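The values are calculated or read from the model by the stated rules, or taken from the named source; none is laboratory data. Here the structure is a predicted model, which is why all the values come from computation and not from measurement. For neighbour counting, all protein chains shown are included, and Cβ atoms are generated from backbone atoms with ideal geometry for every residue, glycine included. Accessible surface areas use protein heavy atoms only, side chains included; no ligands, DNA or RNA. Shrake-Rupley method; radii C 1.70, N 1.55, O 1.52, S 1.80 Å.
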Amino acid sequence: MNATLTQPLNAAQIELLNSVAHIDSEEDLRELKHALSMFFAKLADRELDRLWDEGVINEEVLEGWSHEHMRTPYRPKM
């Protein structure tokens, strides 16, 4: 990946970079990935709760989501 930074890193990004510099095994990396997954799942839950409390989503919206097909349609090669 070739990314160009357009703005300085924020405090959270610097903290994460300093922390991951000490990861030296696949097991530690798996544990970090799991911890980050749990953190972001918690953020998503909190946001969904906020949207529910504000009436943006409700049972009807959830039911509609259960019928959505989010996959990219298959197109045969020609």
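Counting Lys +1, Arg +1, Asp -1, Glu -1, what net charge surrounds Leu48 among other residues with beta carbon under 12 Å of its beta carbon?
Here the charged neighbours net out to -2.
Extension gain Glu47-Tyr74, at 0.36 nm per residue separation less the Cα-Cα distance, in nm?
Contour length minus the Cα-Cα distance gives 6.5 nm.
Which is the longest stretch in the chain that no exposed loop site breaks, taking sites as trypsin sites (Lys or Arg not before Pro) with a DSSP loop state and at most 11 other Cβ atoms within 10 Å?
With a cap of 11 other Cβ atoms within 10 Å, the longest stretch comes to 1-70.
Quantify, in whole percent, the carbon and sulfur part of the accessible surface of the chain (1.4 Å probe; protein heavy atoms only).
57 percent
So how strong a dipole does the chain carry about its Cα centre when Lys and Arg Cβ are +1 and Asp and Glu Cβ are -1, to the nearest 20 debye?
Using only the charged Cβ atoms, the result is roughly 560 debye.
Summarise the long-distance tail of P(r) for the chain by giving the % of C-alpha pairs beyond 14 Å.
80 percent
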